[in-house]
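The values are calculated or read from the model by the stated rules, or taken from the named source; none is laboratory data. Owing to the predicted nature of the structure, the values given are computational and were not obtained by experimental measurement. For neighbour counting, all protein chains shown are included, and Cβ atoms are generated from backbone atoms with ideal geometry for every residue, glycine included. Side chains included, ligands, DNA and RNA excluded: accessible areas come from the protein's heavy atoms. Shrake-Rupley method; radii C 1.70, N 1.55, O 1.52, S 1.80 Å.
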Amino acid sequence: MTESESFVIRAALPGDAEPLGLLDRATWSTLHAVAAAPSEPYPPFFDERHLPEEHLVAELDGTLLGYVRVGRPTPLPSNAHVRQIQGLAVADAARGQGVGRALVRAALAKAAADGATRITLRVLGHNGPARALYEAEGFTVEGVLPGEFVLDGEPADDVHMGRSLG
């Protein structure tokens, strides 16, 4: 992308499933993923737990550059005021172009528009770039589960972050 090119953020559509699945597999890394590397047969990107309407995508000239998933952390009525960023991915070619920041900001706006007053997320402790982005967008560390995961034989902390939408 050059400076003259600009991407748009829009709601995901059911037809985005295949390119989003490809993007998800292309960006898989133990920097942010706790599940094993994807292998065939690949599960569908959208399913009963991950609906298209929970996703926003960044797009440039018909190419998906990234996505963010914003869902409810639980189905409990007592937790209905909270949304959670449950996934964020940016294509390698689009990194450093503001796509991730735009997606996070769009997630904040979507959560607020949905009536949420708070938003949370989980990020691996060793994912410095993501943590810096979230902190720059007003998230603070609210808890750490030390060594919650073992990735490539090394312990990895599960960092819980959140912020008010008010």
> Whole-Hz Karplus ³J(HN,Hα) for segment 63-70, in order, using 6.51 cos²θ - 1.76 cosθ + 1.60 and θ = phi - 60°, x for Gly and Pro?
Replying inline: 9, 7, 9, x, 8, 9, 9, 10
> Working out 0.36 nm times the residue gap between Arg105 and Asp158, then minus their Cα-Cα distance, what length gain in nm do you get to one decimal?
Replying inline: 16.8 nm
> Toward the positive end of the charge dipole of segment 15-102, about the Cα centre and with charges on Cβ (Lys, Arg +1; Asp, Glu -1), which of Ala58, Val82, Ala94 goes farthest?
Replying inline: Val82
>> Can you give me the accessible area per residue for segment 55-166, using a 1.4 Å probe, in Å²?
In response: 47
>> Among 77-89, 100-112, how do they line up by average Cβ neighbours within 10 Å per residue, starting with the highest?
In response: 100-112, 77-89
>> Report, to one decimal in Å, the Kirkwood hydrodynamic radius for the chain based on all distinct Cα pairs.
In response: 16.6
>> Could you work out the percent of alpha carbon pairs in segment 21-60 separated by over 15 Å, rounded to a whole number?
In response: 53
>> Counting just the Cα atoms, what span does segment 49-123 cover along each of its three principal axes? Round to the nearest Å and put the largest first.
In response: 41, 23, 20
